[in-house]
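Right, one structure below, let's go through it.
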Amino acid sequence: MDDTPGANLARSIKQLREIRGFTQQQLAALSGVPRPTVATLESGSANPTLSVLVKIGGALQVTIEELLSPPRAVARHYKASELKSRVRGQVVVRRLLPDAIPGVIVERMELPVGASMAGAPHKAGTREYLTCESGRVELTASGERYELEPGDVVVFRGDQRHGYRNGGARGAVAYSVVLPGGR
């Protein structure tokens with residue numbers, strides 16, 4: 001694939017225009033650049049002035065640097081095997097977000113029959129949301145015990161000792177979302 005600034009510009013303008021649902025004519029009207037110039041830019045055969053790049057970038061609400069850089073992927077498919085996972089005792093814990101979001105943890109837990117796992121207290125002020133997808137999950141948090149069935153959710157202080165257990169007759173799957181305080 002051609003990764004020159006001109007080729008990047010052509011792909012970026014077309015991708016950004018289509019993502020925003022604009023026709024070439026609409027982009028031309030928004031930017032004040034003639035439609036044939038927009039078409040030439042998207043073909044990769046243009047040699048635009050700085051003024052044209054500023055107008056197109058403004059209409060698409062991006063910087064000139066973003067126009068000249070390789071286009072960002074619209075979507076990326078991650079295989080389960082690509083996502084970070086670990087085994088704690090008998091419980092398989094897998095991160096669901098491939099990109100780190102400061103202070104946010106989203107995990108999937110597979111708990112075989114009889115499996116249990118102590119949860120590590122999170123940073124002060126965090127809230128944890130635990131939902132049961134399948135099976136039965138027992139949560140112990142803040143000195144209380146909760147039995148979750150599919151669809152149930154328990155919200156609790158994530159900065160205290162807590163633990164998970166599958167006391168049911170079949171495997172269980174639960175999801176945990178940990179958010180920083182103030183939410």
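General observations
- When residues of the stretch 3-24 are limited to those that are part of a loop (DSSP other than H, G, I, E, B) and within 13 Å of residue 68 (Cβ to Cβ), the one modelled with the highest pLDDT: 4
- Sole exception among (1) surrounded by 17 or more Cβ atoms within 10 Å (Cβ to Cβ); (2) over 27 Å from the mean Cα position of the chain (by Cα) for residue 110, by number: (2)
- Residue 177 vs. criteria among the β-branched types (Val, Ile, Thr) and part of a loop (DSSP other than H, G, I, E, B): no
- Entry remark, the stretch 118-139: residues being at negative phi and crowded, with 17+ Cβ neighbours inside 10 Å number 12 in total.
- Between 59, 80, 46, 39, the distinction of being modelled with pLDDT under 95, under 23 Å from residue 21 (Cβ atoms) and not β-branched (Val, Ile, Thr) belongs to 46 only.
- When the strands (runs of 3 or more DSSP E) confined to the stretch 25-141 are screened for residues that are without any contact (Cβ under 8 Å) to a residue 40 or more places away in the chain, those reaching at least 3 such residues are found at 85-88, 91-95, 137-141.
- Of all residues in the stretch 146-183 being more than 26 Å from the chain's Cα centre (by Cα) and of a type in the set (S, T, N, Q), the one that is modelled with the highest pLDDT: 166
The values are calculated or read from the model by the stated rules, or taken from the named source; none is laboratory data. Small disclaimer: the values here were computed from a predicted structure and weren't measured. As a convention, Cβ positions derive from the backbone with ideal geometry for all residues, glycine included, and neighbour counts pool all protein chains shown.
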